[in-house]
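Working notes for the structure below.
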Amino acid sequence: MIKNFIVTALRHFWKYRSFSIINIFGLALSMAVCFLLIIIIKDANSYDLFNKDGDRIYRINTDAIRKDGGHEPYASSPYTVAQLLVTNYPVAEASASLIRGLKGDIVFGEKRFAFNGFFTSPSFFDVFSFTLKNGNKALALQQPFTIILTNLLADKLFPSGNSMGQSVKIKGLGLFKVTGVLNEFPGKTHLEYEALASLATVPALEKNKSLLPVTDDWLNYYATYSYIKLKPGISASKVEKILAGISNKQYKNLSLESRDKGYTFRLQALNKITPGPLLSNNMGKALPQAVLWFMGVLAFVIILFAAFNYTNLTVAKAMSRMKEIALRKVVGSSRKQVFFQIITESIFTAMLAFVVALCLLRWLMPQFESLSFVSVADIRFVIDLPVILLCLAFTFVVGIIAGIIPASVLSGVKPLMLMNKLQNLKIFRHLGMRKVMLVIQFMVSIVFVVMVTITYRQMQHAININFGTAQTHIFNIHLQGQDYQKAKQEFSAIPGVGKISAVSQLMGNYSDMSDDVKLNEDKDPVTVREYFTDENYISNFKLQLVAGKNFHADPAQKNEKFLIVNEKFIADFKMGTPSEAIGKTIVVGDSITLSVLGVVKDFLYKPAEYSLEPMMMRYDPGQWQILNLGIASANTVQTVAQLESTWKKMDPYHSFQGKFYNKEIQSIFSEMKDVIWMVAFIAFIGITISCLGLLGITIFTIQSKAKEISIRKVIGADALSIAKMLSKNYVQVILVAIGLAIPVAYFLGYTLLQAMRQHITLTPVLFVPGILLIIFLSALTIGFQTINAIYSNPVKSLRSE
């Protein structure tokens, strides 16, 4: 029977070649995108699978509850929480704390490399299934100032392979003895490190202030990632109840950060970390869970489009198969047999589309590999046997879904009523099933195009109002530990370099520093964003002082005395007019008293997601991390090349990190650009599939009305009246789709823009491009076939049976 089904499907495919090709190409186009997303999603779910008993490994996360009623989840937690939990409660089989701060330059002889790592204990290997190439995992991290290197870092430092027992210097931390070398990682992991140093080193570094207090600080929930492997039978909910008790007891009498009301701790399963929810202080490159859901929704929409097309064309073609289906029923075919015949044809079409989709996939992968989020998230496009099997299973399901409605409809009606039933099939009053599906397709396509338009306009607005965009003459160079005065002197000698300023972190992006501020000891502290700048910063960036004066040059300054604030700061702290605020003192942090030296005119120093907030500029040469070079050269390419050459002479160990300010700001929108590109691409696919469906239905309509058209032409009907007759129904479809799409797009666009504090106005102009595009493509699709029908020879149609 299966053989007969397949033979009939092949005959049917050949008989209705134009419809079959439209179906196959539409399905292939959508399936190729879905296959690509399957590869991305599979890769994103391949993290940390190599760990033994991974289902019992959890990370302790912190939920910081803010005084303003909000909360912020963190992937880190205080070191003391895990230690108290493991010591006092018999719930964990093993635990591992990873303390940040092992970073900077690692040096051996003449070799120096930048690296990142963690301080941890030997129990790290009891929790995670990493293995050592050299060394004993039980002993390698027992003694203070011992270190384990990854295989890659060890090869760079010790090309000869003789690394064990050697001493390496880590700038700012001291000498460490190499006691182990790791094997290549067994698989992808969210843990990002190039070295592991002994946890026993931390107390000494805390004592000499090389590290901030961690081991006995309940308020430091930023520096440590804590993992526990629960004993068999111990549930996460039980441990969270214990953590709640610890939190209530330990923070009861502690003075918390000024913005915090309290802290709660939650367990996050290892297999839920990557992909997982968005968390502050997170670790790992993988895509967040929300992005994968977004991709999944896009994939569902476009495969739904293709399924709609198949359903539409199959039901339409059934009008030409009446005799076949009726005859099958008369000679004894059951409903089940007719149903499976049509399902087989659908699956067969999907399998042919599968072959075409694999070819399209080869073209799609390089297009997606160029997107920035692919490299940032370390996505690897691998087509292996599991991926092919997943895609085959997906294809089979798509074939069933696409054929289920036509099979159910055509197999369920009686032979004598088959024609009448099909012609009058309705889902909504006055709208046939085919029209409803076309309406949905075009409505979603319009929504996609409108959302692309709104998002693109908002992105352009966010770029244009950003502080850094206007700084086209400023070239930023990250010092990476180099001495500010030496670097300034070297770069000043290059022709084309004008004024040079320095800052702790760039304004206009998401990098952030803040401190508690209060007018006097009796007031409650308020968290304020801060930047450390030099005396040239204000003039170099053409900021306007509305009162007071600029900093005085004092590179050897030992104690801070002054600060400069914005107008918003003066208003929020009720310090009077800008002139009245000059000379007033405030307390920053625990006990630093600073005097207001100047007030700058308000400007948007953060991205568009932020509203204008109070800001202070402080003078501390030890905090300057970035040089801002004013470039006055007409040949910027040559000047930048000289800057890079000078840097290599000055620092041969670190790569040159320099970029024009406006380019640096534009780069922070790269992920948004990727999202816009993806949605635009999906919109293009959706519109293409919709137009293919419209093309198929138009072809069928013209074929079914060929004799009517010929008779009308013979008795004198003009081209315009025939065009109206053929296109009237589809013009109604497009108008209904536009009418439904506008409120949906308005709601989604309004919701998107409300997430931005600085956003564009939602105007009708934003809807026009999407509507005009759909109208144009639909008119082109319908018009081409209509013109062919109008100018075809009526005699040929009237002679045919």
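The values are calculated or read from the model by the stated rules, or taken from the named source; none is laboratory data. Keep in mind the model is a prediction, meaning the values are calculated, not measured. Heads up, the Cβs are rebuilt from the backbone with ideal geometry, glycines too, and the neighbour counts pull from every protein chain shown. Note: areas computed on protein heavy atoms with side chains; ligands, DNA, RNA excluded. Shrake-Rupley method; radii C 1.70, N 1.55, O 1.52, S 1.80 Å.
Once the Cβ-Cβ distance of Leu748 and Ile383 is raised to the sixth power relative to R0 = 30 Å, the FRET efficiency obtained is 0.30. Relative to the longest principal axis of the Cα atoms of the chain, helix 79-88 runs at roughly 90 degrees. Shape class of segment 161-214 from the alpha-carbon gyration tensor: oblate, with a/c at 1.5 or above and b/c at least as large as a/b.
Of the peptides 472-480, 163-171, the ranking by mean beta-carbon count within 10 Å, highest at the top, reads 472-480, 163-171.
Could you let me know the centre-to-centre spacing of segment 218-273 and segment 629-669, using Cα atoms, in angstrom? Distance between centres, Cα-based: 44 Å.
Between Lys238 and Ile775, the modelled label-to-label distance comes to 6.8 nm, taking each label 7 Å out from Cα in the direction of the beta carbon. At full extension, Val397 and Ser492 could sit 27.6 nm farther apart than now, given 0.36 nm per residue minus the alpha carbon distance. Under a Cβ-Cβ cut-off of 15 Å, what is the net charge of the residues other than Leu36 that fall near it, where Lys and Arg count +1 and Asp and Glu count -1? Value of the local net charge: -1. Within segment 235-255, name every residue whose backbone N is under 20 Å away from a label modeled 7 Å from Cα of Asp516 along the Cβ vector. Only 248-255 pass the distance filter. Taking packing as the residue-averaged number of other Cβ atoms within 10 angstrom, the listed peptides 22-30, 640-648 run from highest to lowest as 22-30, 640-648.
A full extension of the chain between Leu175 and Ala641 corresponds to an added length of 164.2 nm, given 0.36 nm per residue minus the alpha carbon distance. Annotation for Lys42 and Lys568: the two label points, set 7 Å from Cα along the Cα-Cβ direction, are 4.7 nm apart. Taken as Cα centroids, segment 50-101 and segment 548-570 sit 40 Å apart, rounded to the nearest whole angstrom. The residues packed around His473, meaning those with a beta-carbon under 15 Å from its beta-carbon, carry a net charge of +3 if Lys and Arg are +1 and Asp and Glu are -1.
Accessible area per residue for the chain, computed on protein heavy atoms with a 1.4 Å probe, is 47 Å². Counting only the Cα atoms, the chain fills a convex hull of 230 Å³ per residue.
Relative to the longest principal axis of the Cα atoms of the chain, the long axis of helix 385-411 makes an angle of roughly 40 degrees.
Against the main long axis of the alpha-carbon atoms of the chain, helix 433-465 sits at an angle near 30°. Here's the list of aspartates and glutamates a cross-link from Lys649 could span, going by alpha-carbon distance under 20 Å and ignoring same-chain residues fewer than 8 apart: Asp105, Glu110, Asp483, Glu490. Treating cross-link reach as a plain straight distance, find the aspartates and glutamates whose alpha-carbon is under 19 Å from the alpha-carbon of Lys673, omitting any fewer than eight places away in the same chain. Hits, sequence-local ones excluded: Glu369, Asp378, Glu609, Glu664. Close amide-amide hydrogen proximity is noted between Ala197 and Phe118, Phe119, Thr120, Ile148, each under 5 Å apart and 5 or more residues distant or on a separate chain (H modeled in the peptide plane; Pro and chain starts excluded). Per-residue packing, averaged as other Cβ atoms within 10 Å, sorts the ranges 386-399, 146-159 into the order 146-159, 386-399, beginning with the highest. Its DSSP H runs of at least 4 residues, each contributing -39,500 (n - 2.57), put the calculated 222 nm mean residue ellipticity of the chain at -15500 deg cm²/dmol, to the nearest 500. With each label modelled as a point 7 angstrom along the Cα→C-beta vector, the Lys249-Lys663 pair spans 5.7 nm.
Once the Cα-Cα distance is subtracted from the 0.36 nm per residue extended length, the Lys558 to Asn88 segment shows a gain of 164.7 nm.
Summing charges over neighbours of Trp624, with a neighbour being any other residue whose Cβ is under 14 Å away from its Cβ, gives -4 when K and R count +1 and D and E count -1. Carbon and sulfur together cover what percent of the accessible area of segment 18-81 at a 1.4 Å probe radius? Reported share for carbon and sulfur atoms: 58 percent.
As a fraction of the 1.4 Å probe accessible area of segment 109-257, surface on carbon and sulfur atoms comes out at 52 percent. Using a probe of 1.4 Å on the protein chains alone, the accessible area found for Glu664 is around 30 Å². With the cut-off at 18 Å, tell me which of the pairs Lys229/Lys272; Lys52/Lys285; Lys103/Lys137; Lys261/Lys606 have Cα atoms farther apart than that. Cα-Cα > 18 Å for Lys52/Lys285; Lys103/Lys137; Lys261/Lys606; rest within. Coupling constants for segment 265-280 follow from the phi torsions by the Karplus curve (6.51 cos²θ - 1.76 cosθ + 1.60, θ = phi - 60°), and in residue order they are 10, 10, 8, 10, 4, 4, 6, 9, 6, 9, x, x, x, 6, 10, 5 Hz; glycine and proline get x. Remark: for residue pairs Lys67/Lys231; Lys207/Lys252; Lys249/Lys558, the C-alpha separation exceeds 29 Å in Lys67/Lys231; Lys249/Lys558.
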